[in-house]
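Colleague: Handing you this structure, nothing more for now.
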Amino acid sequence: MQITSPAFKENARTALADPQLQKALVHVRSGFIDKRVKAMDALPEFDALRDSARAIKDHTLTHLDLYLERYEEKVREAGGVVHWAETADDARSVVLEICRAAGARTVTKGKSMITEEIGLNDFLEKEGVRPVETDLGEYIIQLRGEHPSHIIAPAVHVTRDQVEADFRREHDHLRPDRDLSEPEALLGEARRVLRAEYFSADVGITGANFLVAETGSSVIVTNEGNGDLTQILPRVHVVIASIEKVVPTLEDMSQILRLLARSATGQDMSVYTTVSTGPRRPDDPDGPEEYHVILLDNGRSSMLGTEFQDMLRCIRCGACMNHCPVYHAVGGHAYGWVYPGPMGAVLTPSLAGIDKSGHLPNASTFCGRCEAVCPMHIPLPKMMRHWREREFARGLNPATQRYGLRAWALFARHPRLYRLATSLALPALSFFTARRPRFRYLPLAGGWTRNRDLPAPPSRTFMQQWREREAEKQGAHA
Amino acid sequence: MSGREGIIGKVRTALGAKAGDAARTRAVHERLLAAPQGVIPARGQLPHAKQVRLFCMMAEKVSASVQRVKKPDSVPRAVAAYLRAKNLPSAVRMGSDERLAAMPWHTMKSLEVKTGAADPEDEVGVSHALAGIAETGTVALYSGPRNPTTVNFLPEHHIVVVDAKDIAGDMETVLASLRQTFGKGKMPRTLNLITGPSRSADIEQTLLVGAHGPRALHLIVVDGG
Ligand code: SF4
């Protein structure tokens, strides 16, 4: 997908002025937060589980090469095939090869952020293979020609009215008098259309929430059941997963599962947790005949051993964006790539490059809520600051900002100079605002004054006032 | 394949690790062998009778319906009653699971029992669970020659029979019994952990029960199973 992250500011401005989007975003603010708190409060061990999950992922990441090797061995034992893809390009080619070998015209897809990351749908279409998204949210945005705006609720930016209009436009069999005013009717319509697709697809593609090294299994966690139909009905099942999804054992999966649904949707457990190992067995009455796993790196290995390694603990629960005031205001598309919100602000520069993700590490109020709710204890604000530092070091931010910061550094190192400058500046500033104590415009502070007034400072500096107060106190005691 | 060497090599370099480092290999080997359990919620750590009750309560909380019967022989009658109550045609689809096959289905005269993988036309599927997990009201089912996975997903109504004695307090107990059945490091093709009927909240975050999978999940708990 075309990355527009450098235009975050413009994207955000458009998003703020979009009434449909603003109407839809209300559901993020109201929907997720209370449910998560309720589920968490009902499980006294939640915090202990967070520590346990962090330890599991840290251990796995520092032994990642060995767990990946072990995982591959077990997949092979179970009759599956592992393909290693260093780049998005490699992964796309493998998918195409598998589709060609299977003679596939149609592939069904379970919800998968990785396939968004590698831009699989556009690619397959160009190659003459028709991808069909089967998760309701993904299906809606595929009809609209859009990308997900949330990692677990891809169509959270769309209103019910818009969905109805999309269905009426794209489903020619719909009679105009068919009542689609209730969400149930829309879901029923999508279910009916997609049922036929599951059976006509030759290949089913899913992502994975976990890969289990002990058994060579891939695990998907869903609510709709579409992921399961996608992987049991077609003749070929392809799993695309990034390398950090591996955990050592089934018990480790269980620890993290207890955090995943609670953090994501406030459920104790998602409806379907499905552990798949290899293709169907000789006497099985159903299931795919071929089972492939594509292990994607695409920049993750270069996060290992750096200050961004902790990000690889992410389980894609979405809690950080559900609690982010910036996300609440602008939605997911403004972030300009696959991963929005705080996790995206850290991950996008890591995977797509800081030069391509411009303002994202600045798309934060540094309120710290994302880190507080992250079930995997990922220090998101700290990592955004790391990116800001790198951005600065590489001279990627605008000149005014750089000079401003340099001037500030000079003052911070020379307090006397700072006191002298402020004691001269303040009387001057308050002279201009004697009648109305606010600035509508101030040179070099356009970023602030464009959208709001700057309150005028008092005429004496803090240090001056402090000294006077201290002197008064001394006087009173004497 | 070059992709493999490329990725493993980059991971090793980034971690500052050497191939064949004995200490690291041992750490991984031991971790896999021990499969430590981590934190187990106290919620399910109860006497067995209470675990069964917790299981039923948690399942109902996620919109499953639950019925308890005294013995396996009572299951066919319970299934027939469910079909009548829901106004469904008198036909069910199921695998050839031994426990299901041993039940007196023939006593339900008008009930048609189809065996094998599910068809798109099947309205009701019946499966037998490996186990129930009390902490979340989850049933665990696995695929095999006698247990098609399509029965769990294609029909609109899914009836799952679970023996009360197979209900455990937590997921880890069930994983351990799976390991016992299949052997360490081995798995059936598909293990389904199912918690309630399918649902979606993708339209304006409105929770709708009944998405692509079954609209209804009916659990029959067999006390003397
Ligand atoms: S960063 Fe944390 S909160 Fe955000 S999606 Fe990842 S695991 Fe969830």
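Colleague: Somewhere in the stretch A:277-286, is a residue within 16 Å of the ligand (Cβ to nearest atom), out of contact with any Leu (no Cβ under 8 Å at 6 or more places or on another chain) and either more than 7 Å from chain B (Cβ to nearest Cβ) or in a strand (DSSP E or B) (or both)?
Modeller: No.
Colleague: Test each condition in (1) at the interface with chain B (Cβ under 9 Å from one of its Cβ atoms); (2) within 16 Å of the ligand (Cβ to nearest atom); (3) open to solvent by 10 Å² or more (accessible area, probe 1.4 Å) for A:A261 and report the one that comes out false.
Modeller: (3)
Colleague: Additional query: What about A:L43, is it within 18 Å of A:R313 (Cβ to Cβ), in contact (Cβ under 8 Å) with a residue 60 or more places away in the chain and facing chain B (nearest Cβ under 7 Å)?
Modeller: no
Colleague: Answer yes or no: is there a residue in the stretch B:66-85 that is closer than 30 Å to A:L49 by Cβ and either surrounded by fewer than 19 Cβ atoms within 10 Å (Cβ to Cβ) or more than 14 Å from chain A (Cβ to nearest Cβ) (or both).
Modeller: yes
Colleague: Could you list, in sequence order, the residues of the stretch A:22-40 that are charged (D, E, K, R) and more than 11 Å from every other protein chain (Cβ to nearest Cβ)?
Modeller: A:D34, A:R36, A:K38 - these are the residues of the stretch A:22-40 that are charged (D, E, K, R) and more than 11 Å from every other protein chain (Cβ to nearest Cβ).
Colleague: Can I ask one more? Out of the residues in the stretch A:326-371 that are away from chain B (no Cβ under 14 Å), open to solvent by 20 Å² or more (accessible area, probe 1.4 Å) and among the polar types (S, T, N, Q), state the one that is farthest from the ligand (Cβ to nearest atom).
Modeller: Result: A:N362.
Colleague: Take residues that are free of Cβ contacts under 8 Å to residues at least 24 places away in the same chain and tell me which of the helices (runs of 4 or more DSSP H) falling wholly in the stretch A:102-145 contain 2 or more.
Modeller: Per the criteria, A:120-126, A:136-144.
Colleague: Could you tell me whether any residue of the stretch B:11-30 is open to solvent by 30 Å² or more (accessible area, probe 1.4 Å), modelled with pLDDT under 95, of a type outside the set (D, E, K, R) and on the phi < 0 side of the Ramachandran plot?
Modeller: Yes.
Colleague: Further question: Quick check on my filter: what residues within the stretch A:297-325 are over 22 Å from A:R390 (Cα atoms) and either facing another protein chain (nearest Cβ under 9 Å) or among the aliphatic types (A, V, I, L, M) (or both)?
Modeller: Scanning the stretch A:297-325 gives A:D297, A:I315, A:A319, A:M321.
The values are calculated or read from the model by the stated rules, or taken from the named source; none is laboratory data. Since this is a predicted model, take the numbers as computed values, not measurements. Every residue, glycine as well, gets a Cβ built from its backbone with ideal geometry; the counts of neighbours run over all protein chains shown. Note: accessible area is taken over every heavy atom of the protein model, side chains too, but ligands, DNA and RNA are not part of it. Shrake-Rupley method; radii C 1.70, N 1.55, O 1.52, S 1.80 Å.
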